[in-house]
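To keep things clear, I will list the structure first and then write my remarks on it.
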Amino acid sequence: MNGQLPLRTRRDFLSQTGMGMGALGLSPFLSSLQASSRSLNPLAPGKTHFPAKAKRVIHIFANGGPSQVDSFDYKPELEKFHGKEVPGEHLSTERKTGTLMKSPFNFSQKGESGIWASDLFPKVSEMVDDLCIINSMHANVPNHEPSLMLMNTGAERVNLVRPSMGSWVTYGLGSENENLPGFVSLCPGGVPIVETQNWRSAFLPGAYQGTHIDTKNTHISKLIPDIRNPRMPRELQRKQLDLIQEMNRQDGEKTGLDPDAEARIHSLELAYKMQIEATDAFNVEREPENVRQLYGETLHGRQMLIARRLVERGVRFVQVWHGAGQPWDSHSEIAKNHGKLGQEADQPIAALLTDLKQRGLLEDTLVIWGGEFGRTPTVELPTPGANAANTKLGRDHNHHGFTIWMAGGGVKGGYQYGKSDDFGFKAVEDRMHVHDLHATILHLLGFDHERLTYRYAGRDFRLTDVHGKVVSDLITQR
Amino acid sequence: MVCTKTERPLLPGFSFRAIGVAWLLACTGGAAEEAAKPSTFDTESIRFFENEIRPILAENCLDCHSGTKAKLGLQLNHRRGWIKGSDYRPVVNLENPAESLVLHAISHTPGKKVKSMPYEKEKISDESIAKISRWVEMGLPWPETPGAAEEDPRNHWSFQPVKPPTIPEGVHPIDHLIGEAQKNTGVAPAEKADRATLYRRAHLALLGLPPKFGELSAFVADSRPDAEAWPALLKKLMKSPHYGERWARLWMDVARYSDTKGYEAGGRERRFMHSYTYRDWLIQSFNEDMPYDQFLRYQLAAEQLVDWNKPEKKHLAAMGFLSLSKNGRSELIIDDRIDTTFRGMMALTVACARCHDHKSDPIPTRDYYSLYSVFSNSLEVGTPTIGEPKSGPEYEKYLKDLAKQKKVVEDFLKPKLDQIAKENPELASDRTRLMNKLDRAARRELQNKQRVVDKFVADSQMEPAKAIILKQKEKPSGHAVLIRGNPARRGDTVKRHFLSVLTSDPQPIYESGGRLEMAKDISKPDNPLTTRNIVNRVWMWHFGEGIVRSVDDFGIMGERPDHPELLDFLAHWFVENGWSVKKLHQLILTSRTWQQQSHNSQEEKNRIADAENRLLWKFDSRRLELEQMRDSILEVAGSLSDEMYGHPVRILEKPYSTRRSVYAFIDRQNLNPIFRNFDFSNPQESTGKRPNTTIPMQALFTMNSEFVQNQAAILGEKAQSQKDGVGWLHRSVFASEPTENDRILADSFLTAFESESSALGPRQTNTEWSYGWGSIDFKSGKVKFQPFPYWTGDSWQIEKEYPIKNSPLSYLQARAGATHPGHTNNESVVYQWRAPDGMTVSIRGVLERSSVGKGNGVRVLIASESSGILFDRVLDPSGSKLVTSLQDVTLAKNENLYFLVDPHENNSSFDSVRWSPQVFDQSGAWPKSGLAETFSGPATPATPWGAYAHALLNTNRFLFIQ
């Protein structure tokens, strides 16, 4: 698909939207037309390079940087060396850190796999047999902005203009439901740092940009702009739409409709349906009581349930942010701050996995959990000035080694990949860079990351730039 | 040096002869240059290479070190690569072969600061090492591969001088050349479009606005022949000031125009404050038809071209082209400027050569850093005032307030600096150095205080117009090549010069800072890229596609011109005609090629021959761009403001501006998604061609947005007062009379809409729901319902005061999903749901009451007009939840269903409840309707005429250029 949008024929488009020629009474002559190379419908389903194991993605973004040694990377040595200097190299991070600090959370072996996990995520850790935990992640720098950009766009410089992973995936795969945007970013209460750049499409067409939804709003008209006409009840709007389409049809008959004009006729119908479908997708009240209870009737429960409703309806890529800014950034009081965040996130995430599994959706839905980096096993030292007061028993950013997990979508469950050193400071075995993660995610979705390219400004761009290797150890053989 | 001689025996039996210079290495300089000459070797040495060496390389080296993605840039798959070495250093030493780095690497020689090779694999056999050593000693014999000796990319079409074809007398040159191209292809051009179509097309193309009916009809009725009337019309249109507004915006895509710098951490002010002066300069320049070469030079080096003491000082604003770049580290700002300049003005992707020689085009990294040096010698210093200084009481007040604001900063700073000066008396007189000594906390605080001042200045918009300029350094310096683009790895320092592919040998060196010289080189009449670039872009802006479709890449990876002769003709003609863009429009728009209909009677046949219409056998119709669409809506509704210039306005936020879209505030970092939904350019980087997509989000905007609805309502209101409303609307919106069919459709729509609306009766909201209070007769099930009259913005209630003291109405109120009844049964909360059609429905919902154990609970009822009470339960105070579900409720069209919360036995204490019942049509024909999801404020119902006007604004007839 070099150089232009994936080419989709008009005929595909019509069958995909369930609107055959007859539906709109278009001239039969048109049905023999091939669409021009200008892509009329950028969200029509695309073709993968090889059969995909995952068809959609839910990326749970613990923005701010969750601590690996307090969650899924158990380090008994940390207990022993608590309060002592790091034997060996003390890696540098954003701020100065001191002695090693044991986790305030309790670890135990879980599931049949016996993987160690802490009670920071009590319910999620009960599901380790479904998780593919990568303990050897590493990124390039210990700062939020570049690391967020790296994780989301594969290019860490904030001022480089690169499409986000969700945009790439939507570009490659299109959407399974044109009544909804293909890529949705749920973030309650505002935006993360670096803001909308986390989900923008950059040089890819705007159709692939993430639609940001502030899930703190419960009112649908505030969730998606222009989703409802405030001046016209639906029955009257239908009348209006019929008039528009009849005029379009009559005008088209005179000269023959060209593909652009025809595409617009269809998009009007899609928009009309979207008004209802989008309203419905975001209405978690429709879920039975037991499902709502499963997720918990909290902000995070609600947005995770929305995420499931969206992927269930064919949205390709859903990103679920913990909150505006960088909530997981616990420079101080890791016990209290991480504890609170874990409590907010745990039940909804566990519920999502359970629910997807029950519906048979987990099999081809890739769930990814993680932050832009992890945290130091050492305690952050107070720095003179503004931070003096709030650094107490907290941890600094750590890009040398961190943990993420994936579930479903063709990754092995109950599986741990890679190792960090004895203290969880640095990835040492089977090191997996963020580019490798991207390559692997695209692979699971059926794409060779070196071939999913877009020609722009004289170059073929790709999510992994010139890097990335697929880590096939993570992938199920089925 | 070994290879300076053309022929030299290396070993008995081997000879080595240079045969030419590979372009790739022409500019890499240093010892490698001469050695790079491809050579011929005798058969024996070639056989040695093929049999002994090539297998070793293939097995051990080439996985990582071949092709364009070779590690360290070291390509070992051809001899050139061996000679060139890695991006960092040579790997063979032909004078002293034993000291070749490559041999140290494979021999794992200790202490040579080179990684052992093959990387992380076992050492190759001693025998193999010996063979490689011998091969290096032999001078790297390698077979000449005929044909693989790269075609010199300098011969690529776009670098060749413009060669205009000869055009016979008496023909339109465009039509002649397109006609020639169509010959023998089986493709036939379309008919000429009628005057009305062409008038509208030209109006939108040149002014970005739809025509007015009166003017269009006058032109259609003009008795002069087309050959006279049409050119005169084009001239007239281009005199309109709206012309500059349209064409400035197109160039703003090229210039990645934005009113903000991009991402700034820590809440620092992002607005440029004076970006608009560049936009205004563009508008004026297009309107004045400034010669394009001068237009380019001003944008690159106005500060060296104009007299700062004369009115021509206004041209300083042109430098926004460079200065409105993304923020960030200096090397990225410079990269952005190089990219925007060369991709925008010459369709060359020079920025690809930042980290390595361009992978396909003849642009070595040294060229990049030579241009880099031009920009690194240009500093952002000061913003000279170019507008009238302001005056008057408002301005006086602004100055006073500003002084106050600045004083806050100074008051904060002074004691701190005094303290530092006391401790460091030697710095006392140097404020900059004193500032440098501020501690982190003080700096942060200073930043916070400064931010407030910056915001105040930006918000006030009281500063006189200023130009954001660059200035040359007094003493320009060369710049080192940054190896692989890494500022920490410096290579040779390069001199400032223009692109080597376009300059003769020896290269003229820019002695001064070089920006003016570069501007002159770019705008030279014989620069084949510059002239082809602009005529190609103007062509694209008229036809939707360029003659070269990759409009910002004329390199080897880009497309070839579909009509090379036409491109060269236009480029040449353009320069001959004084670089006049207006004349170019005149030439294009008088061609039959442009004047074709947007449909062709031989469509099917033509498509088979040329599916993409590269042979221009019709005019491709297309959707209006965002700006054209928005401006058209405002124009036909009579709302468009003709105010020109000035500070940007936010066009997608309330109160909706009626200014033209060119004046929109463009936020580089957080552009409102609606812009990109309509394929607006990405303000992060220079845009060649906007994408062309059709997605439902676009339709949601035209169908539902308040902005479009407002304009439709204005049109509707005017139409209603006309004798012939339908005719008036068609003339206003389409600049044409309605057809008979249009009238039939209009009449039936207006009638149906009217009658449906009145059947629905006056409505509190535009949903099926109404919110109010009243009572129910527990026996008959008859409900008394009164809608709440007062809307607070998020809740319905009796009046503004809440709660109402000393009244049984007290806490009565309805919010989305939450409510509270009044004191008695007479003040129950009542929600009314009106069935939009006859249907059988089910009802779901859970009522929740949080004050468990307090008060006496609530009584919950559901009733329909025809069946009376359907549900009647009491939630007693011990319970917190009550499931309110029903099945199989049959309703007639427009029949009401009531949902009541009764305080139960006239005790409303602690009766705050949450309830969001939902109604489902069991047949599935109607979507479900939930109280909370649809909860809305008062209806501002569309009138039939407003709805009709709104429909017209949504037709393809209005939204497309035909």
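Quick note: the coordinates plus some simple rules give every number you see, no bench work behind them. Please read all numbers here as calculations on a predicted model, not as lab measurements. Glycine gets a Cβ as well: all are built from the backbone with ideal geometry, and neighbour counts include every protein chain shown.
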(Q) Please state the shape class of the stretch B:419-510: rounded when a/c is under 1.5, otherwise prolate if a/b exceeds b/c and oblate if not, all from the C-alpha gyration tensor. (A) prolate
Q. For the stretch B:519-589, what class follows from the C-alpha gyration tensor (a ≥ b ≥ c being the square roots of its eigenvalues): rounded when a/c is under 1.5, otherwise prolate if a/b is larger than b/c, else oblate?
A. oblate
(Q) Can you tell me the orientation of helix B:365-376 relative to chain B, as the angle in degrees between its alpha-carbon axis and the longest Cα principal axis, to the nearest 10? (A) 60 degrees
Q.
With θ taken as phi - 60° and the coefficients 6.51, -1.76 and 1.60, list the Karplus ³J(HN,Hα) couplings across the stretch A:111-120 in order, rounded to whole Hz; mark glycine and proline as x.
A. x, 6, 6, x, 6, 7, 8, 9, 8, 5
Q: Any chance you could check the Cα centroid distance between the stretch B:322-400 and the stretch B:56-118 for me, in angstrom?
A: 38 Å
Q: Beta carbons within 10 angstrom, averaged per residue: use that to sort the peptides A:413-423, A:78-88, highest first.
A: A:413-423, A:78-88
Q) Where a ≥ b ≥ c are the square roots of the eigenvalues of the C-alpha gyration tensor, would you call the stretch A:180-247 rounded, which needs a/c under 1.5, or, failing that, prolate if a/b is larger than b/c, or oblate? A) oblate
Q) Among B:429, B:402, B:441, whose Cα sits farthest toward the positive end of the charge dipole of the stretch B:393-460 (+1 at Cβ of Lys/Arg, -1 at Cβ of Asp/Glu, about the Cα centre)? A) B:441
Q: Mind scanning B:437/B:473; A:84/A:419; B:466/B:654; A:216/A:273; A:273/B:928 and naming the pairs with a C-alpha gap bigger than 18 Å?
A: B:437/B:473; A:84/A:419; B:466/B:654; A:216/A:273
Q.
Return the equivalent ellipsoid semi-axes of chain B as a descending list in whole Å, where each equals the square root of 5 times an eigenvalue of the C-alpha gyration tensor.
A. 65, 40, 34
Q | residue A:416 long-range amide H proximity, modeled H, under 5 Å | A | A:133
Q. Taking Cα atoms, how many degrees apart are the long axis of helix A:299-312 and the longest axis of chain A, rounded to 10 and kept between 0 and 90?
A. 50 degrees
Q: Can you spot the aspartates and glutamates whose alpha carbon is less than 13 Å from residue B:605's alpha carbon? Ignore those fewer than 8 places along the same chain.
A: none
Q: With the convex hull built on the Cα atoms of the stretch B:393-460, state its orientation-averaged projected area in nm².
A: 5.0 nm²
Q) Assigning unit charges at the beta carbon (Lys, Arg +1; Asp, Glu -1) and nothing else, what dipole magnitude in debye, to the nearest 20, does the stretch B:202-257 show about its Cα centre? A) 220 debye
Q) Between the helical axis of A:334-358 and the dominant principal axis of chain A, each derived from Cα atoms, what acute angle in degrees is found, rounded to the nearest 10? A) 40 degrees
Q.
Taking only Cα atoms of the protein assembly as shown, what ratio of Rg to Rh do you get with Rh as the Kirkwood inverse-distance radius?
A. 0.98
Q. Near residue A:107, within a Cβ-to-Cβ distance under 13 Å, what is the net charge of the other residues, with Lys and Arg +1 and Asp and Glu -1?
A. -2
Q. Under the rule of -39500 (n - 2.57) per DSSP H run of 4 or more residues, summed and divided by the residues of chain B, what mean residue ellipticity at 222 nm is obtained, to the nearest 500 deg cm²/dmol?
A. -11500 deg cm²/dmol
(Q) Between the stretch B:879-943 and the stretch A:189-246, how far is it from one alpha carbon centroid to the other, in angstrom? (A) 26 Å
Q: Can you tell me the order of A:156-165, A:231-240 when each peptide is scored by its average per-residue count of other Cβ atoms within 10 angstrom, highest first?
A: A:156-165, A:231-240
Q. What does the charge add up to near residue B:872, with Lys and Arg as +1, Asp and Glu as -1, over the other residues with Cβ less than 13 Å from its Cβ?
A. +1
Q) Mind listing P(r) for chain A? All alpha-carbon pairs, 20 Å bins, whole percents. A) 24, 53, 20, 4, 0
Q) Which listed residue (B:885, B:809, B:850) has the Cα farthest towards the positive end of the charge dipole for the stretch B:764-940, taking +1 on Lys and Arg C-beta and -1 on Asp and Glu C-beta about the Cα centre? A) B:850
Q. Which listed residue (A:190, A:298, A:210) has the Cα farthest towards the positive end of the charge dipole for the stretch A:171-309, taking +1 on Lys and Arg C-beta and -1 on Asp and Glu C-beta about the Cα centre?
A. A:298
Q: Report ³J(HN,Hα) in whole Hz for each residue of the stretch A:101-107, in order, from the Karplus equation J = 6.51 cos²θ - 1.76 cosθ + 1.60 where θ = phi - 60°; Gly and Pro get x.
A: 9, 5, 7, x, 9, 9, 9
(Q) Between the stretch A:408-478 and the stretch B:581-645, what is the separation of their alpha carbon centroids in Å? (A) 46 Å
(Q) If the only charges are +1 at each Lys and Arg Cβ and -1 at each Asp and Glu Cβ, what is the size of the charge dipole of the stretch B:433-562 around the Cα centre, to the nearest 20 debye? (A) 940 debye
(Q) Let me confirm one metric for peptide B:925-933, namely the mean number of other chain beta-carbon atoms within 10 Å of its residues' beta-carbons. (A) 5
Q: Write down Rg/Rh for the stretch A:225-281, rounded to two decimals, with Rg from the C-alpha atoms and Rh from the Kirkwood relation over Cα pairs.
A: 1.04
Q: Taking amide H positions as placed in the peptide plane 1.01 Å from N, state which residues far from residue B:858 in sequence (5 or more) or on other chains have amide H under 5 Å from it.
A: B:875
Q: Just the number, please: percent antiparallel of the DSSP beta bridges in the protein assembly as shown, rounded to the nearest 5.
A: 80 percent
Q. How large is the helix-only mean residue ellipticity at 222 nm for chain A, computed as the sum of -39500 (n - 2.57) over DSSP H runs with n ≥ 4, divided by its residue count, in deg cm²/dmol to the nearest 500?
A. -9000 deg cm²/dmol
Q: Could you line up A:277, A:372 from fewest to most neighbouring Cβ atoms inside 10 Å?
A: A:277, A:372
Q) By what distance, in whole Å, do the Cα atoms of the stretch B:764-940 stretch along each of the three principal axes, largest value first? A) 45, 37, 27
**Q.** Assigned charges on the beta-carbon of Lys, Arg, Asp, Glu; chain B dipole about Cα centre (debye)
**A.** 2300 debye
